[in-house]
Amino acid sequence: MPPVTPPLVPAQPPDRLTGIELDDPKAAAAGVPAVANSLKHVYGNSGLMRGTSAMLNLNQWEGFDCPSCAWPDPEDHRSAFEFCENGAKAIASETTKKKVTPAFFAQFSLPEIAKMSDYEMDQAGRITQPMVLRPGATHYEAIAWDDAFELIAKELNALASPDEAVFYTSGRATNEAAFLYQLFVRQFGTNNLPDCSNMCHESSGAALGQSVGIGKGTVTLKDLETAETILIIGQNPGTNHPRMLSSLQRAVEAGAEIIAINPMKEAGLTGFMHPQQVKGVLGMATPLAKQFMQVRANGDQALLKGIAKTLVEDGSIDREFISTHTLGFADYEAHLRSLDWAELERVSGISRSEIEKAARQCARGSRKVITCWAMGLTQHKNAVATIQEVVNIHLLLGAIGRESAGLCPVRGHSNVQGDRTMGVFEKMPAWFHDNLDREFAFQSPRHHGYDTVAAIKAMHEGRAKVFYALGGNFLQATPDTEYTAEALRRCSLTVHICTKLNRSHVITGRTGLILPCLGRSERDLDEKGDPQFLTVENSMSVVHASHGKLDPASPHLLSEPQIIARTAAATLKGRTSVPWLDLGRDYDLIRDRIERVVPGFEDFNQRVRKPGGFYLPNNARDLKWDTATGKANFATHPLSCVQPAEDQLVLQTFRSHDQFNTTVYGLNDRYRGIGNERRVVFMNPQDMKKRGLSPLQAVDMVSEHSGQTRVARRFLAVPYDMPAGSAAAYFPEANVLVPIDSFADVSLTPTSKSVLIRVTASA
């Protein structure tokens, strides 16, 4: 097994406490506090002029796409302030005036940087030049771009097999960058293309692909705003997708009823104070969820089966739709009728009457039902089965493939869906390889590559030796922090394309490279000095342009497509006929190639120049089922749930309000009443009492899986309104507790929402 590379620095964030301030949880999201907090972040980081320019260009027709979430922009109008609090924080972070220069790295050694919190790392500023950590060194030093590309090429070409390299992608990469990236990786000779989808919505793609033939949602923004019933399950829009609240408000004002299903009552599910409306400014909230069911952790499948059982037993199903468009109903109906209500109530923690109430709301009127979900459903062992219960309910109601009804997985990072469309996937279908080979005159590898968990294991076992990341913070985004850190240390080279400093930069292979790129907000000029644009795909399959407008943070930055193209040219040299450098200079040329490889991108360069872009085809929306059976499929799964021992709790990891993915913008979680602290664990008050714990007592969390023990030390216990037996803590701090070998069936997504833990007082 490869030796661990010195110097060893801690993989986990420092466990120092920062002085918690407690307040009551909020009953509604947004309003004046959201505006004030947005302006505080923007002007505090970016200054008045740069900050104002950024805000006025964010999500505008000729502006740049928000680098935060993938929620779609309005199709028919754009306000002058088309952003939310988290979008403002993301832009404040990207457009900051602070710089991480070579002088910073000369001053701070790796061990010293590792002592910084994730918040302090982000606050350090934008990285201005490519940096290298030489073998055995304690400090990064500057490196010329050409030398960096030659270093990468030397390491890659020295591998015994292309499969000894891993190429990771985050959801911040644009379509053009993602397409070039997967092309380079496949020309190099591997399908090792793990991405952040593996850790979040892979379960959605797997479930929907089997059931309806497409791994994406089937609704538009207009559908959501005209629905009669909206189920929101395992999702917290107030923190993770705040602009969704405007659409939910429109839906409620048009008569929709929202049913929220979540272990914790989140402010963004109960009420919304629109900050651009008078009543919102005055603190008057629009009530959102009319029914709120605080389901037990991992009890969603039982609750959904109860809804489906009620629909069948009430006779409130669309038999014509079922007969015409589906297969498997008879087996599913028999399964539902066999289920015991007492068991469904026990597993879900929700009464039969509440479940029946929700079901009958779904069956009312024209059955214009939309179900939205996020990682609260996707990160469990039975995630795929649970999401297929969502689909089953829609098939029972005929609530798919028509206006104001359908399936809405709400994806996180701004282009995570586009990355997959562009081919960033370890097991793309044969037709994609065929199209790629025909366009670029080579034979792409067909054997499946590593997903994220498999990639970590391969690095840990020495089967993968070079790690290359297009964006992201791999160490902090992945499960089992200590195991992942050891895997990265065993590489000969780790490479990170990024904009800001993060903890993955201190846990490196024998050699570490940091390649700083332009941000989404920054002007990207071609060789003639003319501005170029890039494209993204939002959560509802709309592809649109993003035009950087601001001066770059440094003259030494390259765009993501340029970095990838120059890496490919240096690595492949005479083995390729692809004009890499031309593609890296002219993004229209990339889009021409995408058009000929990926269906739905006909006339790409012309259509994407129109305001708002264009929708990609969605056969399920058109009642065409690209499944193995040619029909939409009912999926019948046995009732399952995670089973804690008497002294265990089921922990979910989640975000604070001052956070997006692994980026920490601040130390507050305003809606949950937490100020100036991240090392907290939320617990049911009775669970605390049973363990003899007092509020704000320091505790350790211990997870045991397959004979191995993982420990997260020094967290403050916070009593909170949540089901007994459940607990919650922020990631990435709690990721150390998520076992590398605990993942969802089929999708292999880490089970970050159902970690069995014991909580004890800290020594």
*Qualifying positions in region 28-64 - in contact with a helix residue (DSSP H, G or I) (Cβ under 7 Å, 6 or more places away or on another chain) and open to solvent by 80 Å² or more (accessible area, probe 1.4 Å)*: 43
*With a cut-off of at least 1 residues that are charged (D, E, K, R) and either free of Cβ contacts under 8 Å to residues at least 12 places away in the same chain or under 26 Å from residue 314 (Cβ atoms) (or both), name the helices (runs of 4 or more DSSP H) lying wholly within region 334-421.*
341-348, 352-362, 383-397
*Options 472, 418; residue that is at pLDDT below 95 and open to solvent by less than 20 Å² (accessible area, probe 1.4 Å)*: 418
*Being surrounded by fewer than 12 Cβ atoms within 10 Å (Cβ to Cβ) and assigned to a loop (DSSP other than H, G, I, E, B) is the filter here, so list the residues in region 618-629 that pass it.*
626, 628
*Please enumerate the residues belonging to region 598-611 that are under 27 Å from residue 208 (Cα atoms) and surrounded by fewer than 17 Cβ atoms within 10 Å (Cβ to Cβ).*
599, 600, 602
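Please verify whether residue 126 is buried (at least 18 other Cβ atoms within 10 Å of the Cβ) and either of a type in the set (Val, Ile, Thr) or in contact (Cβ under 8 Å) with a residue 60 or more places away in the chain (or both), treating the condition exactly as stated. Steps first, answer last, please.
Values: buried (at least 18 other Cβ atoms within 10 Å of the Cβ): yes; either of a type in the set (Val, Ile, Thr) or in contact (Cβ under 8 Å) with a residue 60 or more places away in the chain (or both): yes.
In short, yes.
Can you confirm whether region 174-186 contains a residue that is assigned to a helix (DSSP H, G or I) and open to solvent by 20 Å² or more (accessible area, probe 1.4 Å)? Explain how you work it out, then say what you get.
Looking only at region 174-186, we keep the residues that are assigned to a helix (DSSP H, G or I), and these are 175-186.
Remaining after also requiring open to solvent by 20 Å² or more (accessible area, probe 1.4 Å): none.
No, because not a single residue in region 174-186 is assigned to a helix (DSSP H, G or I) and open to solvent by 20 Å² or more (accessible area, probe 1.4 Å).
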*Is there a residue being within 28 Å of residue 249 (Cβ to Cβ), modelled with pLDDT of 95 or more and either within 29 Å of the chain's Cα centre (by Cα) or open to solvent by 60 Å² or more (accessible area, probe 1.4 Å) (or both) anywhere in region 331-339?*
no
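Could we say that residue 306 is part of a loop (DSSP other than H, G, I, E, B), of a type outside the set (Ser, Thr, Tyr) and open to solvent by less than 60 Å² (accessible area, probe 1.4 Å) here? Walk me through it before giving the result.
Values: part of a loop (DSSP other than H, G, I, E, B): no; of a type outside the set (Ser, Thr, Tyr): yes; open to solvent by less than 60 Å² (accessible area, probe 1.4 Å): yes.
Answer is no for this residue.
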*(1) crowded, with 21+ Cβ neighbours inside 10 Å; (2) not in a loop (DSSP other than H, G, I, E, B): which one isn't true of residue 292, the others all being true?*
(1)
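Filter region 562-597 for residues that are hydroxyl-bearing (Ser, Thr, Tyr) and either open to solvent by 10 Å² or more (accessible area, probe 1.4 Å) or within 27 Å of the chain's Cα centre (by Cα) (or both) and give the result. Steps first, answer last, please.
In the first step, residues of region 562-597 are kept if they are hydroxyl-bearing (Ser, Thr, Tyr); the result is 567, 571, 576-577, 587.
Residues satisfying the conditions are 567, 576, 577, 587.
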*Looking at region 422-437, which of its residues are in contact (Cβ under 8 Å) with a residue 60 or more places away in the chain and surrounded by fewer than 16 Cβ atoms within 10 Å (Cβ to Cβ)?*
427
_Lone unmet requirement of (1) assigned to a helix (DSSP H, G or I); (2) surrounded by 15 or more Cβ atoms within 10 Å (Cβ to Cβ) for residue 154_ = (2)
*Which residue out of 120, 141, 155, 112 is in contact (Cβ under 8 Å) with a residue 60 or more places away in the chain and not aliphatic (A, V, I, L, M)?*
155
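Filter the helices (runs of 4 or more DSSP H) completely within region 2-114 down to those with at least 3 residues that are within 17 Å of residue 669 (Cβ to Cβ).
Where helices (runs of 4 or more DSSP H) fall fully within region 2-114 and carry at least 3 residues being within 17 Å of residue 669 (Cβ to Cβ), they are 32-46, 85-94.
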*Which members of region 438-459 meet the condition of being open to solvent by 10 Å² or more (accessible area, probe 1.4 Å), in a loop (DSSP other than H, G, I, E, B) and farther than 19 Å from residue 472 by Cα?*
441, 442, 443, 445, 446, 447, 448, 449
*Identify the single condition in (1) modelled with pLDDT of 95 or more; (2) open to solvent by 40 Å² or more (accessible area, probe 1.4 Å); (3) over 26 Å from residue 261 (Cβ atoms); (4) not in a strand (DSSP E or B) that residue 763 does not satisfy, given that it satisfies every other one.*
(1)
*Kindly provide the set of residues from region 496-527 that are closer than 13 Å to residue 140 by Cα, in contact with a Gly (Cβ under 9 Å, 6 or more places away or on another chain) and of a type in the set (Val, Ile, Thr), ordered by number.*
506
_Suppose we filter region 701-722 for residues that are touching a residue at least 24 places away in the same chain (Cβ under 8 Å), open to solvent by 60 Å² or more (accessible area, probe 1.4 Å) and either touching a strand residue (DSSP E or B) at 6+ places or on another chain (Cβ under 9 Å) or assigned to a loop (DSSP other than H, G, I, E, B) (or both); how many remain?_
5
_Which numbered condition residue 107 fails, given (1) crowded, with 24+ Cβ neighbours inside 10 Å; (2) more than 24 Å from residue 173 (Cβ to Cβ); (3) not aliphatic (A, V, I, L, M)_ = (1)
*Take the residues in region 220-242 that are in a loop (DSSP other than H, G, I, E, B) and crowded, with 23+ Cβ neighbours inside 10 Å, then tell me which one is farthest from the chain's Cα centre (by Cα).*
227
*Has region 732-741 got any residue that is assigned to a strand (DSSP E or B) and at pLDDT 95 or above?*
no
*In the list 743, 731, which residue meets the criterion of being open to solvent by 40 Å² or more (accessible area, probe 1.4 Å) and among the aromatic types (Phe, Trp, Tyr)?*
743
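So that you can scan it fast, the table gives a plain yes or no per residue for (1) touching a residue at least 12 places away in the same chain (Cβ under 8 Å); (2) over 18 Å from residue 433 (Cα atoms); (3) in contact with a helix residue (DSSP H, G or I) (Cβ under 7 Å, 6 or more places away or on another chain):
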site	(1), (2), (3)
163	yes, no, no
169	yes, yes, yes
172	yes, yes, no
176	yes, no, yes
186	yes, no, yes
189	yes, no, yes
194	yes, no, yes
199	yes, yes, yes
*Name the residues in region 676-694 that are open to solvent by 10 Å² or more (accessible area, probe 1.4 Å) and within 20 Å of residue 23 (Cβ to Cβ), would you?*
676, 678, 679, 684, 685, 694
*On the given criteria, is residue 28 more than 23 Å from residue 117 (Cβ to Cβ), at pLDDT 85 or above and out of contact with any Asp or Glu (no Cβ under 8 Å at 6 or more places or on another chain)?*
yes
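The values are calculated or read from the model by the stated rules, or taken from the named source; none is laboratory data. Since the structure is predicted, the reported quantities are computational estimates derived from the model, not experimental observations. All Cβ positions, glycine included, derive from the backbone under ideal geometry; neighbour counts span all protein chains shown. Quick note on the areas: whole protein, heavy atoms, side chains included, nothing else; ligands and nucleic acids left out. Shrake-Rupley method; radii C 1.70, N 1.55, O 1.52, S 1.80 Å.
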